[in-house]
Amino acid sequence: MINLPPWRIWTVVIVTILGIIWAFPNTLSEDARNKLPKFLPHSAINLGLDLQGGSHLLFEVDKNAIYKQRIDAVSDDMVGVLRGNVEGSKTKLPALAFSGRGVSPDGLTAKVTMTNPSDVTEAVRRITTLGQPITDANGVSALKDLIVTSNGTTISVNLSPEAMVSMERRAVAQSIEVVRRRIDETGTKEPSITRQGNDRIVVQAPGESDPEKLKSLIGQTAKLTFQMVDESVSMQEAMAGRIPPGSVLLPQPSRPEEPYVLVKSRATLGGENLTDARPNQDQNSGNWVVSFRLDSAGSKIFGRVTTDNVGKRFAIVLDNKVISAPNIQEPIPGGSGQITGNFTLESASELSTLLRAGALPAPLKILEQRSVGAELGQDAVNAGAKAGIIALAFVVVFMLLAYGFTFGGFSIIALGVNVILIFAGMGTFGATLTLPGIAGLVLTLGMAVDANVLIYERMREEYAAGRSVAMALDAGFSRAVMTIIDAHVTSLLAAIILFYFGSGPVRGFAWTLSLGILTSVFTAVLVTQVLIALWYRRTKPTVLPI
């Protein structure tokens, strides 16, 4: 140990200097960090909701809406298969006569009544082909999502229990990603978006003081579709209830002179083909519009539809409300266009954000909302800082009393380097510091000197056994290192398990604890060793001062 290779000394020096540089932005305000030269690090630790204040929202995914959407699609597709258009069949099959079809009042059962009882078996077989494989946690299973039954001439279609679970799980996962993209667009730092139970989502947005604004942004489904306007009947007839099959009457809030528009039920194009959406001002009118661009597949469909329907109207529908229903003046082959609708800059920007983030697979119902004031956060910061200072003071006093100013001082220097490296690591990775995270940090301060205690006590034992100072120092490190590593590895595994399976505050605690364990090993094994070796070379002591 006394003859340390130069690389160890340089490693300690370089890592310490880099730690100071990367930890330095944490001491500056946001404005001061923005003024730093580009070659210097700018990232700093983000404060969590309990320290910074912000908004807490609890949402529930509307499962029934997902089920109804699938059953509605099956009800429409049943018409095609009964008329002979069965997927996978090379030729059109004979049409089967049916007297009516529909969906139950709860929206969870699609029904069709066959005219000829002898056609029921064939109809069941065809409708069964509409079933889709169920996606489970490991991929696609062999089960189908539909249960088709018959009672006399009436055929009923329901979702299987396995399909409901799979759809619910997939909807929550998709909703979490969409919500994350929407919040990131607002500039909110480090939002915490986690699943709670099977169908709930917890959103914590530090720094966002207006939960209503956040709720409005998140809560909109933002399902965009392009649907042709049905002009086969007059609006008076449609308002009177004479709506043709395959069409639906939708509201148009932006135009009081035309409050409703009759559109085809089946969408020509969906928002999933949208690649970009930006607010712009129309060059002719000066009004705010939303300019959009489609992907290659969407561009082909959009170009074909506008070519085949020049002079007709098509509706741009968002969440079952018509934004605008313009006439197709000419083919639009480029895959780009504009959405008009009496927008302001704010509303155009909000719609652009929603469209870029994508649509929610199902509506989200707000169950709970809370605002955490910045004053409460500052109180938590002050309490955490006070706890950290007290813990640090006790550690310093103990090490000085137990091992003297020389070796106790080495431990304190190593502890200081440890704290610097923790803050540098958290700032570099943009970690969020929460109140449990502060608890993990305080725990790390105590654990950081454990390794030094093991080393120093081993040195005492070796020196008391009659070894020289140099041999006692060397044995203290060489024989205690494996014990130190074993102890820290088990603690690190426990922290990793907490981080992997935990959520929210538990993960914040596990994050700071994991980082503290890694830096503690470095400072105990290398920093303290380098300091003691340099001290020994300079003083050549004949007595071990501990």
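Only one of Lys223, Lys213 is surrounded by 19 or more Cβ atoms within 10 Å (Cβ to Cβ), of a type in the set (Lys, Arg) and either in the same structural domain as Arg180 (by TED's automatic domain parsing) or without any contact (Cβ under 8 Å) to a residue 12 or more places away in the chain (or both); which?
From the options Lys223, Lys213, the qualifying one is Lys223.
Run down Met471, Met482, Met447 and say which single residue is in a helix (DSSP H, G or I) and closer than 30 Å to Ile389 by Cβ.
Going through Met471, Met482, Met447 in turn, the sole match is Met447.
Among (1) out of contact with any Gly (no Cβ under 6 Å at 6 or more places or on another chain); (2) modelled with pLDDT under 85, which single condition is Leu224 missing?
With (1) out of contact with any Gly (no Cβ under 6 Å at 6 or more places or on another chain); (2) modelled with pLDDT under 85 applied to Leu224, the lone miss is (1).
The rows are residues; the columns are (1) surrounded by fewer than 18 Cβ atoms within 10 Å (Cβ to Cβ); (2) within 44 Å of the chain's Cα centre (by Cα); (3) closer than 27 Å to Ala171 by Cα.
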position: Asp50; (1), (2), (3): no, yes, no
position: Asn64; (1), (2), (3): yes, yes, yes
position: Pro94; (1), (2), (3): yes, no, no
position: Ala97; (1), (2), (3): yes, no, no
position: Val112; (1), (2), (3): no, yes, no
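State whether one or more residues within region 71-86 are assigned to a loop (DSSP other than H, G, I, E, B), outside the structural domain of Ala424 (by TED's automatic domain parsing) and touching a helix residue (DSSP H, G or I) at 6+ places or on another chain (Cβ under 7 Å).
Yes, region 71-86 contains a residue that is assigned to a loop (DSSP other than H, G, I, E, B), outside the structural domain of Ala424 (by TED's automatic domain parsing) and touching a helix residue (DSSP H, G or I) at 6+ places or on another chain (Cβ under 7 Å).
Just name the residue that is surrounded by the fewest Cβ atoms within 10 Å (Cβ to Cβ) out of those in region 516-546 that are of a type in the set (A, V, I, L, M) and in contact with a Leu (Cβ under 8 Å, 6 or more places away or on another chain).
Leu518
Residues being modelled with pLDDT under 80 and not charged (D, E, K, R): count how many of those fall in region 46-64.
Residues flagged as modelled with pLDDT under 80 and not charged (D, E, K, R) within region 46-64 amount to 8.
Applying the selection to region 282-298, what residues are surrounded by fewer than 19 Cβ atoms within 10 Å (Cβ to Cβ) and outside any loop (DSSP other than H, G, I, E, B)?
Listed by number, the residues that qualify are Ser291, Arg293, Ser296, Ala297.
Looking at (1) at pLDDT 85 or above; (2) within 30 Å of Gly427 (Cα to Cα); (3) of a type in the set (Lys, Arg), which is the one condition that is false for Arg507?
Looking at each condition in turn, Arg507 falls short on (1).
Restricting to region 527-546, count the residues that are in a loop (DSSP other than H, G, I, E, B) and either touching a residue at least 60 places away in the same chain (Cβ under 8 Å) or of a type in the set (Gly, Ala, Ser) (or both).
6
Please go through (1) in contact with a Leu (Cβ under 8 Å, 6 or more places away or on another chain); (2) part of a loop (DSSP other than H, G, I, E, B); (3) aliphatic (A, V, I, L, M) for Leu58 and return the number of the only condition it doesn't satisfy.
The one condition Leu58 does not meet is (2).
Surrounded by 15 or more Cβ atoms within 10 Å (Cβ to Cβ) and either at pLDDT below 85 or over 44 Å from the mean Cα position of the chain (by Cα) (or both): which single residue out of Leu392, Leu401 fits that description?
Going through Leu392, Leu401 in turn, the sole match is Leu392.
Only one residue in Thr428, Thr483 is under 30 Å from Pro25 (Cβ atoms) and of a type outside the set (Asp, Glu), so which one is that?
Thr428
Would you mind stating whether Leu415 is in contact with a strand residue (DSSP E or B) (Cβ under 9 Å, 6 or more places away or on another chain), under 27 Å from Ser514 (Cβ atoms) and surrounded by 15 or more Cβ atoms within 10 Å (Cβ to Cβ)?
No; evaluated as a whole, the condition is false for this residue.
Please go through region 302-331 and give me each residue that is surrounded by 17 or more Cβ atoms within 10 Å (Cβ to Cβ) and aliphatic (A, V, I, L, M), ordered by number.
Passing the criteria: Val305, Ala315, Ile316, Val317, Leu318, Val322, Ile323, Ala325, Ile328.
On the basis of being under 30 Å from the mean Cα position of the chain (by Cα) and either at pLDDT below 85 or loosely packed, with under 11 Cβ neighbours inside 10 Å (or both), does Asp31 make the cut?
Taking the combined requirement at face value, the residue satisfies it.
Kindly indicate whether Ala380 is under 17 Å from Leu433 (Cα atoms), modelled with pLDDT under 90 and part of a helix (DSSP H, G or I).
yes
In this structure, does Arg8 turn out to be touching a Pro at 6+ places or on another chain (Cβ under 8 Å), assigned to a helix (DSSP H, G or I) and of a type in the set (D, E, K, R)?
Against the criterion (touching a Pro at 6+ places or on another chain (Cβ under 8 Å), assigned to a helix (DSSP H, G or I) and of a type in the set (D, E, K, R)), Arg8 does not qualify.
Find the residue count for region 403-420, including only residues that are in contact (Cβ under 8 Å) with a residue 60 or more places away in the chain and under 19 Å from Ser520 (Cβ atoms).
Within region 403-420, residues that are in contact (Cβ under 8 Å) with a residue 60 or more places away in the chain and under 19 Å from Ser520 (Cβ atoms) number 10.
Could you check, for region 31-44, whether at least one of its residues is assigned to a helix (DSSP H, G or I) and touching a helix residue (DSSP H, G or I) at 6+ places or on another chain (Cβ under 6 Å)?
Checking region 31-44: at least one residue is assigned to a helix (DSSP H, G or I) and touching a helix residue (DSSP H, G or I) at 6+ places or on another chain (Cβ under 6 Å).
Which members of region 95-124 meet the condition of being of a type in the set (A, V, I, L, M, F, W, C) and closer than 13 Å to Val81 by Cβ?
Ala95, Leu96, Phe98, Ala110, Val112, Met114, Ala123, Val124
Looking at Thr306, Thr353, which one is over 35 Å from the mean Cα position of the chain (by Cα) and either among the small types (Gly, Ala, Ser) or assigned to a helix (DSSP H, G or I) (or both)?
Of the residues listed, the single one that is over 35 Å from the mean Cα position of the chain (by Cα) and either among the small types (Gly, Ala, Ser) or assigned to a helix (DSSP H, G or I) (or both) is Thr306.
The values are calculated or read from the model by the stated rules, or taken from the named source; none is laboratory data. The structure presented is a predicted model; accordingly, all values stated were derived computationally and were not measured. Glycine gets a Cβ as well: all are built from the backbone with ideal geometry, and neighbour counts include every protein chain shown.
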